[in-house]
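Here the structure is laid out as structure tokens; the discussion comes afterwards.
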């Protein structure tokens, strides 16, 4: 079953998790509360999809940081 990493520093993360688990065929394989955590968990868990809040703490809005999260395995930006 496809796995999703939810990366958000607000209560939206909990709403997204609830929606994904009840309304889709996806599973939530992990959650992250800041940019550093998101990068580490994305590399560790290698989810099928990352729902990423680009304005959360410890995540610079530069392309470089977003690529760190999204470019692992066979993923491409």
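The values are calculated or read from the model by the stated rules, or taken from the named source; none is laboratory data. Since we're looking at a predicted model, the values are computed, not measured. A quick note on method: Cβ atoms are made from the backbone with ideal geometry, for glycine too, and the neighbour counts reach across all protein chains shown.
Taking the criterion of being touching a strand residue (DSSP E or B) at 6+ places or on another chain (Cβ under 7 Å), crowded, with 18+ Cβ neighbours inside 10 Å and outside any strand (DSSP E or B), the only residue of region 21-40 that qualifies is 38.
Tallying residues that are farther than 14 Å from residue 57 by Cα and either out of contact with any strand residue (DSSP E or B) (no Cβ under 7 Å at 6 or more places or on another chain) or at pLDDT below 90 (or both) within region 1-10 yields 2. Looking across region 1-18, the residues that are free of Cβ contacts under 8 Å to residues at least 60 places away in the same chain, under 20 Å from residue 55 (Cβ atoms) and not in a loop (DSSP other than H, G, I, E, B) come down to 4, 5, 6, 12, 13, 14, 15, 16, 17.
Please verify whether residue 28 is touching a helix residue (DSSP H, G or I) at 6+ places or on another chain (Cβ under 7 Å) and modelled with pLDDT of 90 or more, treating the condition exactly as stated.
For residue 28, the condition - touching a helix residue (DSSP H, G or I) at 6+ places or on another chain (Cβ under 7 Å) and modelled with pLDDT of 90 or more - is met.
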